[in-house]
Each structure stands twice: as C-alpha cells, then as structure tokens.
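A.B. asks: Quick one: this structure, given as structure tokens, is what I'll be asking you about.
The values are calculated or read from the model by the stated rules, or taken from the named source; none is laboratory data. Computed from a predicted structure; not experimentally measured. Counting neighbours? That spans all protein chains shown, and the Cβs are built from the backbone with ideal geometry, glycine included. Note: areas computed on protein heavy atoms with side chains; ligands, DNA, RNA excluded. Shrake-Rupley method; radii C 1.70, N 1.55, O 1.52, S 1.80 Å.
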Amino acid sequence: MIAAVVAVIVVVVLLIVGLGGDDKGGDGAKGPAASTGQAGQGSGEGQDVSAGGKQPAAGEGQKTEAGDDGEEADENEPDEDELPEGYATVKDERFHFSMALPEGWKRTGIAGRNSGGKYTAPGGGHPKIQIDHTDSPGPDAAGAWRAQEPAVKSASSGYKLLGIKKVEWRGYPTVADWHFLRKDDGKKVRVLNRGFKVDGENGYAILITCEADTWQDEECETLRDTAFKTFKPL
C-alpha cells in the first residue's frame, strides 16, 4: 500500500511540472495543458495523467441541465442540426472551453489537483472525456508527454505505449498526441491524449478513453471526431 501511494505521488508531481508550469493548489489554482486521467488508484488503474499547474478559480456557475459547476448549453455554439445526432454543446466556464458531447453527459469528476473536468454518460463507465487547462503552457507538447510517459507507465496497470507524436492542428504552436493502452476500472482501454498550446496563456489537453475493443466503433469514432471538430477555448 505504501509503495502504491508513493507511486501516485510521484506521478502527480511529474505531471504538474509538464506542460502547465507551477501548481499553487486549491480551487483557485490554474490548470494543465495535457492530461490522461488522475483518479490515482494504487494499481494505476484510472490514474490521471494531467500535465499542468495552476487552474482557473472554481465556482463560476450553478448546476444546469448540461452539467454542474458552471456547465451550460452555449447559445453561441453551432446549431444542434449541425452536430451528430444525439449531441449537444456544453460550455464549461471553470475550465475555459466549449465542446459538443453526447446529450446527457455531465461533468462527473475533477481531474488531479483541479486540473480539469471529467465527462461521462450519467451512469459513468466508458467512453469518457477529460479536458484540462493551464494558463502557463510549455513550448513543446511532445516533449512534455515523453517526459511524463515513464511515470505513467510505472503507475498504470497494463500500460502499453502506442506512440507519441507531434501533429499539425488548427495552426496551434505545439500539439502532440499520446496514444496508449492501460486498464481503467478493471477494463482494457485505449487512450488518446492530445495536448496543445493555444497561446502564451492557454494550454489544454483533450483525453479520450474508450474500451480497447470498441476504439474503431462508430460511438468512439464519432466522439473523437466531434470533440476535435467542436472544441473551442474560452
């Protein structure tokens, strides 16, 4: 048990110094520019891989139909008929983004040290998405992922690296995708963690998790495609 706790602490410390800079803790801190889930369990299952430091202040909103703690439908987002069937736009003021998600999905948890929001269907499970934010992003998303990968490997049950690579996306100054397998809630899952810097004061990570054998299924593909198409920094 002691060894497991130490492993979790090591991972959290490494993640905080990745893309996001220093962490001042608490709800008033600012968040990461990359992530992979931070529910640090001793076995590494469900372990968050948030990279970041300070986060936006909490308490910007009240519970809404789309979620809680500042989540709400964004009237300025695309019309619903422009989205895949069964999707609706969610705006998260706390973590500074809007995105189209399956209807009924809510923020069901907070990642790591207040680094981001975890979104799932009402019953939880998979697939799921985590969005992290930092106001002090680093200059090299791929380098940050490579620096964090050994710690995540040691803390995650069933971890297998599928690749870390730089990608071109929206003209952002640095973007990198981290693909890997691991166990989450006792199930083998595949993870895509896209970390990116929008500007000098805003970095994000979009972490998408699906069960490994459903990665190419329509549900997971639509979730990924829609997330990357509709994500907007606020």
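A.B. asks: May I ask you to evaluate 6.51 cos²θ - 1.76 cosθ + 1.60, the Karplus curve with θ = phi - 60°, for each residue of region 175-192 and list the ³J(HN,Hα) values in order in whole Hz, giving x for glycine and proline?
C.D. replies: Per residue, the Karplus-derived 3J(HN,Hα) values read 9, 8, 9, 10, 9, 7, 10, 6, 9, 9, 6, x, 10, 6, 10, 10, 10, 10 Hz.
A.B. asks: Could you pull out the pairs from LYS188/LYS232; LYS166/LYS197; LYS183/LYS229; LYS165/LYS229; LYS153/LYS232 whose alpha carbons sit more than 24 Å apart here? Working shown, then result.
C.D. replies: Values: LYS188/LYS232 30 Å; LYS166/LYS197 12 Å; LYS183/LYS229 28 Å; LYS165/LYS229 20 Å; LYS153/LYS232 30 Å.
Over 24 Å apart, Cα to Cα: LYS188/LYS232; LYS183/LYS229; LYS153/LYS232.
A.B. asks: List every residue whose amide H lies under 5 Å from the amide H of LEU234, counting only residues 5 or more places away in sequence or on a different chain, with H placed 1.01 Å from N in the peptide plane.
C.D. replies: Counting only residues 5 or more places away or on other chains, the set is PHE97, SER98.
A.B. asks: According to a simple spin-label model (label point 7 Å from Cα along Cα-to-Cβ), what is the distance in nm between GLU201 and LYS153?
C.D. replies: So the two model labels end up 3.8 nm from each other.
A.B. asks: Please give the solvent-accessible surface of ILE110 in Å², to the nearest 10, using a probe radius of 1.4 Å with every protein chain present.
C.D. replies: 60 Å²
A.B. asks: Let me ask something else. With θ taken as phi - 60° and the coefficients 6.51, -1.76 and 1.60, list the Karplus ³J(HN,Hα) couplings across region 125-137 in order, rounded to whole Hz; mark glycine and proline as x.
C.D. replies: x, 10, x, 7, 10, 10, 10, 10, 9, 9, 9, 9, x
A.B. asks: A further question on this structure: Amide H to amide H under 5 Å from GLY109: which residues, 5+ apart in sequence or cross-chain, H placed 1.01 Å off N in plane?
C.D. replies: Under 5 Å from the amide H of GLY109 lie the amide H atoms of LYS118, each far enough along the sequence or on another chain.
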